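Visitor: Structure below; questions to follow.
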Amino acid sequence: MELATSTSEKVKKSRGWDTIVTVVLVNAKNIPVITEDGHVHNLYCKFRLGSETFKSKSVPGSKQPEWRERFELRMSEDHELHISLWDRGKQKNSMGSCVLDLSSFEKERTHEIWQELENGFGAIHFTLTMCVVRAPGTPETNAIDLYEKKPVHRFRHGWKIVGVLHVAVIEAKGLTSKPNAYCVLEIDNERVQTHKAGSSAEPKWNKTYMFNVYDVSSTLDIKVYDSTLNMISDSIGKVSIPLLRVQNGEMRWYALKDRSKRHNAKGNCPRILLQMSLVWDPLKATLRLFQPKEVKHIKKPPKFDVGLIYSNIQFVTNIFIFIEQKHEVFKRLFEWDDKELSLVAVLCWIVFCHYITLWSLVLMLLLPFFYYWLINRHQDHIHDVNSTKHEENKKNKEGIYVTGKLQDLQTMTLTITNSIEFISSHAEKIHNLVSFKVPFFSYVAIAFLLVGSLGVYLLPFNYILMGLGVYKFGRKYLNPSRILNNDLLDFFSRIPDNHLLEEWKELSVPEPNQDVYVARNLNRSISTSI
């Protein structure tokens, strides 16, 4: 009897944790050079919280090793996170360790940490997130009240943080069966998760989270999971929301999508109710667009996709055909097949060259913006580009190549498709920029083109070229630690291509009173049958 009691107490104690600690181990720096002894040396990290221990994968020893690995620990009464770095060669040697007091970190937030090793050299880079899992019987917090109490306009870190986002995750409807559902919210490298709402087809969370926004071109990714009894999480659905499309204070249903982010997830139009507020500084956000984009710590490995290769090759082929057709029309002007047309072309070219100036050339780049601006004024909604051909090709890609030669083919094809993807993606981005697919980017481009035309108008062109040369050469000289980048390419990296716009496409959801209407019809049919 005493044995049974002690066993139940141990089980109860092991289940007494109330917080999930998510750690993303990124890399390390300034690690001492390992002496050559004829053996292979690998580095790995150990994290211990309470009775739980996690050991990372082993990577080759270097001054700056990288792991990029995510894991979870459970926190109850012990708030000390023990971190140690180990070298595995002929023998196992400690490279340093440290202890982190988690009680000093704010919960429901992601913290970027560079932790110095106390008993060694170097520092370890990782992110830390502590999310509270409410115990049964704890009263729910009203999401709207919490939403209103949070400060939304405090920028304490200079030019690094451009805004603050609040997200209230309220409830979901239309889920299959009765999952024990929870949500994961992610913006770049910030990631939090809700508690499990219990077995219900209409789970309610009523949780509000605050994110620091470092780039307004980022996307809020929300994924809904079902936590099964064996601690394996099954994906229910997901949705991606660009921050620039957030409507402050609007309570809105978002349809959950499947893994491809093209169609509805399984269920009766599964959807999630959110309320969001984004406060951001346009000047900071604009300047941030011309700086390197933040790289995600955990990235998906590249996939070999025959359908994507085919669609990109077809896109590039259409461009070459278009250029060839226009080139044939242009050549006819020089051949004087149509004398009247050729004469008009010569006169227009002479007038153009006589009156053209450099500032007007820059200003002419605004013509596509004005063209699409006039078109969009008469449209209530911009239709997204369909990609059904890509899905059909993806389904039929199996069985095309011999299995034995697939690996070699992937290596060669990935090199080719990366070049084609770069060309096609940037062509789509230019079109999406001038067609106001993301209006903020278009307005930024218009503003810089106007400023550029004014600068070319006021200053001699040769002086401008000299100034640009001094600017490009002088940046690295004045700041040796600066990362070389191309401002224009950094700006273009924020503009979505057609593939990303398709992921952002919002699926239709029923009207707010549609659920009530369906319920009334169902009650009427039941009463009639009785």
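Visitor: For the subset of region 288-328 comprising residues that are charged (D, E, K, R), at pLDDT 80 or above and not in a helix (DSSP H, G or I), which member is surrounded by the most Cβ atoms within 10 Å (Cβ to Cβ)?
Guide: Lys293
Visitor: Further question: Taking the options Tyr371, Tyr355, name whichever one is open to solvent by 100 Å² or more (accessible area, probe 1.4 Å), more than 25 Å from Phe461 (Cα to Cα) and of a type in the set (Ser, Thr, Tyr).
Guide: Values: Tyr355 fails: more than 25 Å from Phe461 (Cα to Cα).
Being open to solvent by 100 Å² or more (accessible area, probe 1.4 Å), more than 25 Å from Phe461 (Cα to Cα) and of a type in the set (Ser, Thr, Tyr) holds for just one of Tyr371, Tyr355, which is Tyr371.
Visitor: Further, regarding this structure: Considering only region 59-89, state which residues are open to solvent by 50 Å² or more (accessible area, probe 1.4 Å) and among the charged types (D, E, K, R).
Guide: Lys63, Glu66, Arg68, Arg70, Glu72, Arg74, Glu77, Asp78, Glu80, Arg88
Visitor: Let me ask something else. Residue check: is Cys45 within 30 Å of Lys300 (Cβ to Cβ), at pLDDT 90 or above and outside any loop (DSSP other than H, G, I, E, B)? Step through it out loud before you land on a result.
Guide: Working: within 30 Å of Lys300 (Cβ to Cβ): yes; at pLDDT 90 or above: yes; outside any loop (DSSP other than H, G, I, E, B): yes.
Against the criterion (within 30 Å of Lys300 (Cβ to Cβ), at pLDDT 90 or above and outside any loop (DSSP other than H, G, I, E, B)), Cys45 qualifies.
Visitor: Can you list residue pairs whose Cβ atoms sit under 6 Å apart, with the first residue in region 358-372 being in contact (Cβ under 8 Å) with a residue 60 or more places away in the chain and the second being open to solvent by 60 Å² or more (accessible area, probe 1.4 Å)? Count only pairs 6 or more apart in sequence or on different chains.
Guide: Hits for this filter: Leu358/Phe461; Trp359/Tyr457.
Visitor: Just the residues that are assigned to a helix (DSSP H, G or I) and over 39 Å from the mean Cα position of the chain (by Cα), please, taken from region 351-367. Can you show your working first?
Guide: Just the residues of region 351-367 that are assigned to a helix (DSSP H, G or I), to begin with: 351-355, 358-364, 367.
Matches in region 351-367: Val351, Phe352, Cys353, His354, Tyr355.
Visitor: For region 102-128, how many residues meet the condition of being among the hydrophobic types (A, V, I, L, M, F, W, C), open to solvent by less than 50 Å² (accessible area, probe 1.4 Å) and in a strand (DSSP E or B)?
Guide: 5
Visitor: Here's something else I'd like to know. For the subset of region 172-185 comprising residues that are among the small types (Gly, Ala, Ser) and open to solvent by 10 Å² or more (accessible area, probe 1.4 Å), which member is nearest to the chain's Cα centre (by Cα)? Let's see the steps before the verdict.
Guide: Just the residues of region 172-185 that are among the small types (Gly, Ala, Ser), to begin with: 172, 174, 177, 181.
Next, only the ones that are open to solvent by 10 Å² or more (accessible area, probe 1.4 Å) stay: 174, 177.
Numbers: Gly174: 26, Ser177: 30 Å.
Checking each candidate, the answer is Gly174.
Visitor: Which of (1) open to solvent by less than 20 Å² (accessible area, probe 1.4 Å); (2) of a type in the set (Ser, Thr, Tyr); (3) under 22 Å from the mean Cα position of the chain (by Cα) is the odd one out, the single condition Ser233 does not satisfy?
Guide: Of the numbered conditions (1) open to solvent by less than 20 Å² (accessible area, probe 1.4 Å); (2) of a type in the set (Ser, Thr, Tyr); (3) under 22 Å from the mean Cα position of the chain (by Cα), the odd one out for Ser233 is (1).
Visitor: A further question on this structure: Among the residues of region 445-460, which ones are at pLDDT 90 or above and either closer than 12 Å to Phe492 by Cα or not in a helix (DSSP H, G or I) (or both)?
Guide: If the condition is that a residue be at pLDDT 90 or above and either closer than 12 Å to Phe492 by Cα or not in a helix (DSSP H, G or I) (or both), then Ala445 is the only one that fits.
Visitor: Can you name the condition, by its number, that Ile530 falls short on among (1) open to solvent by less than 100 Å² (accessible area, probe 1.4 Å); (2) at pLDDT below 80?
Guide: (1) is the only condition that Ile530 fails.
Visitor: Based on what the data block shows, is Lys284 part of a strand (DSSP E or B) and more than 19 Å from the chain's Cα centre (by Cα)? Before the answer, list the steps.
Guide: On the way: part of a strand (DSSP E or B): no; more than 19 Å from the chain's Cα centre (by Cα): yes.
Spelling it out, it is not the case that Lys284 is part of a strand (DSSP E or B) and more than 19 Å from the chain's Cα centre (by Cα).
Visitor: Turning to a different aspect of this structure: If you scan region 181-209, which residues turn out to be assigned to a strand (DSSP E or B) and among the hydroxyl-bearing types (Ser, Thr, Tyr)? Can you show your working first?
Guide: Initially, region 181-209 is screened for residues assigned to a strand (DSSP E or B), giving 181-187, 190-193, 199, 204-209.
Passing the criteria: Tyr182, Ser199, Thr208, Tyr209.
Visitor: Still on this structure, please answer the following. I need the full set of residues from region 186-214 which are of a type in the set (Asp, Glu) and crowded, with 18+ Cβ neighbours inside 10 Å, in order please. First the steps, then the outcome.
Guide: Of region 186-214, the ones of a type in the set (Asp, Glu) are 186, 188, 190, 202.
Result: Glu186, Asp188, Glu190.
Visitor: Give Glu106, Glu66, Glu118 a once-over and let me know the one that is modelled with pLDDT of 90 or more and more than 14 Å from Thr22 (Cα to Cα). Talk me through it step by step, then tell me what you get.
Guide: On the way: Glu106 fails: more than 14 Å from Thr22 (Cα to Cα); Glu118 fails: modelled with pLDDT of 90 or more.
Exactly one of Glu106, Glu66, Glu118 is modelled with pLDDT of 90 or more and more than 14 Å from Thr22 (Cα to Cα), namely Glu66.
Visitor: Sticking with this structure for a sec: Which pairs have Cβ atoms under 6 Å, sit 6 or more apart or on different chains, and link a residue in region 151-178 that is closer than 20 Å to Lys207 by Cα to one that is modelled with pLDDT under 90 and of a type in the set (Lys, Arg)?
Guide: Listed pairs, sorted by first residue: His166/Lys150.
Visitor: Just to be sure before I move on: is Thr53 among the hydroxyl-bearing types (Ser, Thr, Tyr), part of a strand (DSSP E or B), under 31 Å from the mean Cα position of the chain (by Cα) and surrounded by 18 or more Cβ atoms within 10 Å (Cβ to Cβ) in the structure I sent?
Guide: Values: among the hydroxyl-bearing types (Ser, Thr, Tyr): yes; part of a strand (DSSP E or B): yes; under 31 Å from the mean Cα position of the chain (by Cα): yes; surrounded by 18 or more Cβ atoms within 10 Å (Cβ to Cβ): no.
So Thr53 does not fit the description; no.
The values are calculated or read from the model by the stated rules, or taken from the named source; none is laboratory data. Treat the numbers as computed from the prediction; the structure is a model and nothing was measured. Cβ atoms come from the backbone with ideal geometry, glycine included; neighbour counts cover every protein chain shown. Each accessible area value is taken on the protein alone, full model and side chains, heavy atoms only, with ligands, DNA and RNA left out. Shrake-Rupley method; radii C 1.70, N 1.55, O 1.52, S 1.80 Å.
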